[in-house]
Amino acid sequence: MPKSLRLIFVLTIICVVSASSLSYIYNNIAGPIIEERNTEAALKILNEYLPGADDYQFVKNEETGKTMYYAAIKSGGVFGVALPTSAMGFGGPVELMVVSDSSGTITNVIVLGQTETPGYGDKIITQPEFVEQFVNMNLISDEFVINSTVDAIAGATVTSEAATKAVEKAAQFYKSNIANGGSK
Amino acid sequence: MRSFWQDIRNGIFTENPVFVMLLGMCPVLGVTTQAVNGIGMGLATTFVLLGSNLVVSLLRKVIPGEVRIPSFIVVIATFVTMVDLLMLSYLPDLHKVLGIFIPLIVVNCLILQRAEALASKNSLGRALGDALGMGIGFTLALTLLGSIREFLGFGTLFSITIIPNYIPFSIMRESTGGFITLGLLLAFFRWYSIRKQRGKQA
Amino acid sequence: MIRSILVIVASAAIVNNFVFKQVLGICPFLGISNKVETSLGMGAAVTFVMAMASAVTWALQRYLLIPLKLEYLQTIMFILVIATLVQLVEMFIKKSSPSLYRALGVFLPLITTNCAVLGVALLNIRSEYNLAESVFNGVGAAIGFTLALVLLAGIRERLDESEVSPVFQGLPLALIVAGILALAFSGFQGVI
C-alpha cells in the first residue's frame, strides 16, 4: 500500500472507531439516563408549580429533539406552561424555569441551576425577592429589561442581567410559539 | 527495566506533573476552589490518561509517524468525551461545577505529552504504569491545592466545616488565590529541595 | 448591535479576562511571558487563530452537529478544526509572508494546545452567540490574552534585573505576580 494511502486509512479507521464507540455510549448509556433525569426533574417542578393537571405535555423541537416547553393540560385545555430558559452569567449559564398561566402571566420563576461566584451571583438564590419581581408580569405585554422593568441585585449585576435576559428569551419564545396558537 | 512501582513513584514525586513538570496548569488553577473538585478533575484526567496511554501504546506500531499527533488527539478527545458523557450521567453536580474544564482536558498538555513521549515508544505495562503514576500525581496535586484554597476560602474541608463562624479569606475562591497558592507551594518545594541538597553537602 | 458587540469584546478582554478571570490559556501565559516582544508575537498569532476558529466552529455546530444530532462529538470536531486551522494558517503565512512567518512561526504549533482557543469556541456555543458575536468574543478573548501576556512579560523583564531569592526565582514569583494582577483585574467585576 502506498504511504499516503496508509496514512489516510489509519486516520479514517481511528475516527470511525472513535465516533462509533461514542455514539454507542451516548445512545445506550448516557442519553437515556440524562433524558430520564431531566423528565423526572421537570415533572417534580410541574407537580409543584402547576398542580392538578390531567397530563403534562412535553413539547419538543422536531429538529433538535430538545424539550422547548411543558404544557399542563386539564379537561382538554392548556391551563399553564413552563418554559426552561437560560442565559450566560458570570461562571456559567443561569438556568431558569418560567411558569405562566394560560394568559401569559408569570406565576413563578424557579432557579434551576447556577454556578455563580459565592457571595456575589449566588444572591439569585439567597435573595428570592429578585425572582419574585417577575411574578405577575406578563410574557406577552411586558418587556424584561434590567434596571428598567426589573431591579438588579446589588453586587450581582451580571447574574441579574443574565436572569432577566433568560426571562426575556422565554417571553420572545412564548409570543412567537405559544400565544394565540395554543400549544403547537 | 523499570518496575511498575517506580513509575508510580515517579509520577507522584520525581516528575510530578503539576509541581515539577508544570503541565496542565489551566485545570490546576481553574477548578481547585474546593478539594472535591480537585479530586473529580484529577480522576477524570487519570481516566483519560489511562485510556489514551493504553490505546496509543497498543497502536504504536500501526500509527505512522506523520499522522501521529492528529491520531493521538482523536484518541484523547474520544476518552474525554466518554468522561464528559459518563460524568453528566452519574455525577451531574460535579459535571456542572467543572463545566468547561471537562472538554478542555483534551488540550491538557500533560496527556498529549505522555502519549508522545512515553506511550508511543513503550510497552503496554509501562504505558499504564506511567498513566497511573501521572494521574495519581496530578490528582494529589489538585486535591492539595483544592484543600488549601477551600480551607482558607470557606473554612471547610471536603465541605465539612472545620472552623465554625469562619470569616472567609475570599480571594482564595478567586483566580488570585489559585495563582498565589501555587506560587507559594512551588517556592516551598524549591526551598525544601535546596535545604535537602545543602544537608547532603554538609 | 454595535453596543452589544462592544460589550462582548470589553467583557472578554477586560472584565472576564480569559487569563485572569476565567483561568484559560495558562500554559502559554506562564511559558512565553519572559519577553514583551515574544508575548506580542504570540498574541498576534492567537488573535488570528481565535477569530477564525470562532467562525468555523460556530458554523460547524450550527449546520452540521445540531441538524445531525451529533452534539456529543463537539469536543472531537472542535479540536480537529483548531488543529487543522493552525496547520493551514502556518502553511499560508509561510508561503505568503516569510517575514511574518519568521516572527510567528515558532508560536503557531503551540496554539493547538492553548486551551483558551478551544475554550472560546466552547463558550461561544454555551453562550448561544450568533456568528458575529462569536467572532468578536474570540477577538476580545485574544486581546485579553495578549494583554495579560504583555503585562506579565513587562513585569518579568523588570524582575530579571533584580536580585530575587533562588527560592522564588522564575515561576513561583511569576505566579504570585500573576495573582496580584488577577486581583487588580477583579476590580473590574460588575463594571459591565
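Just a few scattered comments:
- For the residues of C:69-82, the average number of beta carbons from a partner chain within 10 Å of their own beta carbon is 6.
- GNM remark for chain B: springs join alpha carbons under 10 Å apart, and the peak mean-square fluctuation among B:158, B:138, B:189 falls on B:189.
- Positive minus negative residues near residue B:113 (Lys, Arg vs Asp, Glu; Cβ under 12 Å): -2
- Among the listed pairs A:60/C:69; C:35/C:95; C:35/C:94, a Cα-Cα separation exceeding 19 Å is found for C:35/C:95; C:35/C:94.
- Among complete DSSP H helices in chain C, those whose alpha-carbon atoms stretch at least 18 Å along the helix's long axis and whose mean Kyte-Doolittle hydropathy reaches -1.0 are C:36-60, C:74-96, C:131-161, C:171-185.
- For the range C:18-151, alpha-carbon Rg and Dmax in angstrom: 14.6, 46
- One Cα centroid belongs to the range C:154-192, the other to the range B:166-195; the line between them spans 13 Å.
- Distances between placed amide hydrogens fall under 5 Å for residue A:69 paired with A:59, all partners being 5 or more residues away or on another chain.
- Net charge of Cβ neighbours under 14 Å - reference residue A:7; Lys, Arg +1; Asp, Glu -1: +2
- Here is the list for the range A:6-98: trypsin sites (Lys or Arg not before Pro) lying in DSSP coil, each with at most 14 other C-beta atoms within 10 angstrom of its C-beta, are A:66.
- The range B:4-144 shape via C-alpha gyration tensor axes, a/c threshold 1.5: oblate
- Separation of the range B:54-122 from the range C:47-82 is 18 Å, based on Cα centroids.
- Burial ranking of peptide ranges B:63-71, A:47-55 (average Cβ count within 10 Å, highest at the top): B:63-71, A:47-55
- Taking chain B as a Gaussian network of alpha-carbon nodes connected by springs under 10 Å, the highest mean-square fluctuation of the residues B:55, B:18, B:28 belongs to B:55.
- Values of log10 I(q)/I(0), in the order q = 0.13, 0.31 Å⁻¹, for the range A:1-49 under a Debye, Cα-only, solvent-free model: -0.53, -0.99
- Relative contact order (%) - criterion: Cα under 8 Å, at least six apart; region: chain B: 35 percent
- For chain A, the 222 nm mean residue ellipticity estimated from helices alone, with every DSSP H stretch of n ≥ 4 adding -39500 (n - 2.57) and the total spread over all residues, rounds to -11500 deg cm²/dmol.
- Computed from backbone phi, the HN-Hα couplings of the range A:147-159 come to 6, 10, 9, 10, 8, 6, 6, 4, x, 9, 4, 5, 5 Hz, rounded to whole numbers (Karplus: 6.51 cos²θ - 1.76 cosθ + 1.60, θ = phi - 60°; Gly and Pro given as x).
- Span-rule helices in chain B, defined as complete DSSP H runs reaching 27 Å or more along the axis (Cα) with Kyte mean at least 0.5: B:35-58, B:68-90, B:124-154
- A Gaussian network model of chain C, with springs between Cα atoms under 10 Å, assigns the largest mean-square fluctuation among C:103, C:116, C:142 to C:103.
- Using the rule -39500 (n - 2.57) for each DSSP H run of four or more residues, divided by the residues of chain C, the 222 nm mean residue ellipticity is -22500 deg cm²/dmol.
- Per-residue average of Cβ from other chains inside 10 Å of B:104-113: 5
- Shielding value for C:174-186 is 6, the average number of Cβ atoms from other chains within 10 Å of each residue's Cβ.
- 38 Å tail of the calculated P(r), the protein assembly as shown, as % of Cα pairs: 33 percent
- Most to least packed among C:80-86, C:5-11, B:44-50, B:167-173 [average Cβ atoms within 10 Å]: B:44-50, C:80-86, C:5-11, B:167-173
- Separation between Cα centres of the range C:86-121 and the range C:5-22, rounded to whole Å: 23 Å
- Whether the range C:29-106 is rounded, prolate or oblate, judged on the alpha carbon gyration tensor where a/c under 1.5 counts as rounded: prolate
Where a number appears in this text, it was derived from the coordinates with a stated rule and is not lab data. Quick caveat: nothing in here was measured; it's all calculated off a predicted structure. Heads up, the Cβs are rebuilt from the backbone with ideal geometry, glycines too, and the neighbour counts pull from every protein chain shown.
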